[in-house]
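Written below as C-alpha cells is the structure these notes are about.
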Amino acid sequence: MHLLNFINSAEFTAFSTIFNLFGNIATLLLTGLTFHLTIFSKKITLLGTTIDTNTFNGTKIALTLKNETLHSISVEDIFVMKQIDNHFVMIDLIKYDLPISIDSWKIEKLYTHPFTSIPNWPVKDIDEYPDYDDLMQNSVLGISSGKHIIWIAPKKRLLREAKKSYYKMNYDTFTVHRFQLDGDVLSPKVYCKITLQIKDLNGQKMLISALGIPVENNALLLNKTILGFNVIERTGYSEKSIKKRIAKLLDISRKDVKVLILCNSFTSSQSE
C-alpha cells in the first residue's frame, strides 16, 4: 500500500522525469560519440617501435599502430618530426605505392623498407656507426591519410612545436639512403663482396659469393661460410691483399678470386 502510494506520488513522478532525462542525455552522448568515432575521428595510437639492425643487411623499423575508431584508416606514408638541439628534422620512414588500410580497433605492425643509413644522424654507436634506438625520442609521428595528417606525440607542447615547424616548412630533411647489391639492401658496415670460382665434387665450375666486414686483426667477417671459413684472417683491406690472402688460404688461383670494394659506393646509393 505504501509502495503504491509512493508510485502515485509527485516525488516518484519527479524522480522518473529526472531519471528519464539523464537516460536521454546518456543516449544522446553515446550516439554523438559513436557518430564521432564513425565519421570524424582519426585517432591512431603508437603502441611500440622496434629497430631491427642487421650486421650485413639494412636497418628496418617496425611501428605497431592501433586504430581507435569505428572505421578503417588508410595510411599512405609515415614520417617523423624529430627535435634535435631545439630544431626539427623530418625523416620519411615509409611511402606506399598503394595505401595500407588499418581496420577499426585493429592493431597493425608496419615495417619500413630496409635502409643503409640516414646521413647526418647525430647518434653513433661504439663503432661510430649510426644508432637509431632513440629515433622516437623527442619525436612526433606523422601519418598521411588522404587529405589529413594524423599526428602522434608523447607531449602536447612537442606536438604544437612540431606542427608549427611542419606547416611553416621550418625544418631540415634527413634523407634515407639505400644501397642495394644483388637485390639486397646492405648495412654501411659491409666493406666488400668476394666471389670465388671453384669446382664442385663433379668437377663443374661454380661461383660462391660472400660479403665481408672488417674486424680486428686485419680480418674479414663473412656473411656465409666459404669452404669452412666464416672469418678470413690477416687479409688487409685492399683489393690486392684480400685476393692474395684468400687465394693462398684456399689454395686456388688468384684469377679465381674477385673482390669488389663497396665502401665508396654508399655515397652514391639510392635515396628517398
Exposure rank, largest accessible area first [192, 263; 1.4 Å]: 263, 192
The value for region 146-250 (convex hull of the alpha-carbon atoms, volume per residue, Å³) is 210
Projected onto the charge dipole of region 76-134 (unit charges on the beta-carbon of Lys, Arg, Asp and Glu, signs +1, +1, -1, -1), the Cα from 129, 78, 90 with the largest positive-side position is that of 78
Can you give the net charge of the other residues whose Cβ lies under 11 Å from the Cβ of residue 68, counting K and R as +1 and D and E as -1? +4
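If you stretched the chain out fully between residue 238 and residue 148, how much longer would it get, using 0.36 nm times the residue separation minus the C-alpha to C-alpha distance? Kindly include the intermediate steps, with their values, before the conclusion.
Values: separation 90, 0.36 × 90 = 32.40 nm, distance 5.21 nm.
Extra length from residue 238 to residue 148 when fully extended: 27.2 nm.
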If you average the C-alpha positions of region 191-249 and of region 132-161 separately, how far apart do those two centres end up, in angstrom? 45
Between residue 97 and residue 134, what length in nm is gained on full extension when 0.36 nm per residue of separation is reduced by their alpha carbon distance? 10.5 nm
For a label point 7 angstrom out from the Cα of residue 224 toward its Cβ, which stretches of region 193-211 have the backbone nitrogen within less than 12 Å? 194-196, 207-211
Dipole magnitude of region 31-159 about its Cα centre, charges +1 at Lys/Arg Cβ and -1 at Asp/Glu Cβ only, in debye to the nearest 20? 700
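Can you give the FRET efficiency for residue 172 and residue 47, using 1/(1 + (r/R0)^6), R0 = 30 Å, r = Cβ-Cβ distance, to the nearest 0.05? Walk me through the numbers on the way to the answer.
Values: r = 29 Å, r/R0 = 0.95.
Taking R0 as 30 Å, the efficiency between residue 172 and residue 47 is 0.55.
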I want to verify the translational diffusion coefficient of region 73-138 in µm²/s; compute it with Stokes-Einstein, Rh as the Kirkwood radius over Cα pairs, at 4 °C and 1.567 mPa s. 92
Roughly what would the spin-label model give for residue 55 and residue 197, points 7 Å off Cα along C-beta, in nm? 3.0
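The values are calculated or read from the model by the stated rules, or taken from the named source; none is laboratory data. All values derive from a computational prediction rather than experimental measurement. Cβ atoms come from the backbone with ideal geometry, glycine included; neighbour counts cover every protein chain shown. All accessible areas refer to the heavy atoms of the entire protein, side chains included, with ligands and DNA or RNA removed. Shrake-Rupley method; radii C 1.70, N 1.55, O 1.52, S 1.80 Å.
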